[in-house]
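**Q** The following block contains the structure, expressed as structure tokens.
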Amino acid sequence: MAVIALQGTKGVGKTRTYGLLIGQLSTYGYVQVPGHYKDLHNNDFLDLYKHQKSGKLLGIVTRGDVSSWLRQDISDLFSSGANAVLCACRTKGFTLRHVQTHTPHHILLKTPSDQADINALMALVGLYIP
């Protein structure tokens, strides 16, 4: 089970990028799994999506500021059957270290281009959810 993190400092646009990605997931063949969406406040959310062709699950959590929350959110998504999890994390500290405990894990540094970030995230997701 892979963890793919979009890394950046506070306010750089990680949650915004994931919000935009949600709007494009259907073009990648995903549908939202009913009953899994959680509003985590401050525009953050947790959700689960199913790939229509493979049936595999993709979890997304945008709350990456507090390590204990990130640890629990990732664990909840894997417990729900996620094959891969997209998350946010900071550039240093415990949230970054938690992402690094997962094998495999990938860390992408947030760029000024939301679409380039979305393309890079989904290319990595494609390694685990064909």
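**Q** Out of segment 99-124, which residues are more than 18 Å from T15 (Cβ to Cβ), surrounded by 17 or more Cβ atoms within 10 Å (Cβ to Cβ) and either small (G, A, S) or touching a Leu at 6+ places or on another chain (Cβ under 6 Å) (or both)?
**A** H106 - this is the single residue of segment 99-124 that is more than 18 Å from T15 (Cβ to Cβ), surrounded by 17 or more Cβ atoms within 10 Å (Cβ to Cβ) and either small (G, A, S) or touching a Leu at 6+ places or on another chain (Cβ under 6 Å) (or both).
**Q** Shifting gears a bit: State which residue pairs qualify: first residue in contact (Cβ under 8 Å) with a residue 40 or more places away in the chain and inside segment 90-112, second residue basic (K, R) and exposed (fewer than 14 other Cβ atoms within 10 Å of the Cβ) in any location, beta carbons under 8 Å apart, and separation of 6 or more residues or different chains.
**A** R90/K10
**Q** I'm trying to understand the selection: among the residues of segment 91-106, which are in contact with a helix residue (DSSP H, G or I) (Cβ under 6 Å, 6 or more places away or on another chain) and either part of a loop (DSSP other than H, G, I, E, B) or at pLDDT 95 or above (or both)? Show your work before the answer.
**A** At the first step, the residues of segment 91-106 found to be in contact with a helix residue (DSSP H, G or I) (Cβ under 6 Å, 6 or more places away or on another chain) are 94-95, 98, 105-106.
Result: H105, H106.
**Q** When the residues of segment 36-61 are narrowed to those that are touching a helix residue (DSSP H, G or I) at 6+ places or on another chain (Cβ under 7 Å) and at pLDDT 95 or above, which ends up farthest from L127 (Cα to Cα)? Quick ask: steps written out before the conclusion?
**A** Going residue by residue through segment 36-61, those that are touching a helix residue (DSSP H, G or I) at 6+ places or on another chain (Cβ under 7 Å) are 43-44, 46, 48-49, 58-61.
Of the ones still in play, those that are also at pLDDT 95 or above are 46, 48-49, 58-61.
On the way: L46: 22, L48: 18, Y49: 16, L58: 12, G59: 15, I60: 16, V61: 19 Å.
Ranking the candidates gives L46 first.
**Q** Here's another thing I want to ask about it. Given I74, I118, which one is closer than 22 Å to G23 by Cβ and outside any strand (DSSP E or B)? Working first, answer last.
**A** Values: I74 fails: closer than 22 Å to G23 by Cβ.
I118 is the lone residue from the list that is closer than 22 Å to G23 by Cβ and outside any strand (DSSP E or B).
**Q** Ok, one more. Identify, please: which residue in segment 1-16 is more than 14 Å from L121 (Cα to Cα) and among the aliphatic types (A, V, I, L, M) and is, among those, modelled with the lowest pLDDT?
**A** M1
**Q** Shifting gears a bit: If only one of V66, V12 is crowded, with 17+ Cβ neighbours inside 10 Å, of a type in the set (V, I, T) and touching a residue at least 12 places away in the same chain (Cβ under 8 Å), which one is it?
**A** It is V12.
The values are calculated or read from the model by the stated rules, or taken from the named source; none is laboratory data. As the structure is a prediction and not an experimental result, all values here were calculated from the model. When we count neighbours, we look across all protein chains shown, and the Cβ atoms used for this are built from the backbone with ideal geometry, even at glycine.
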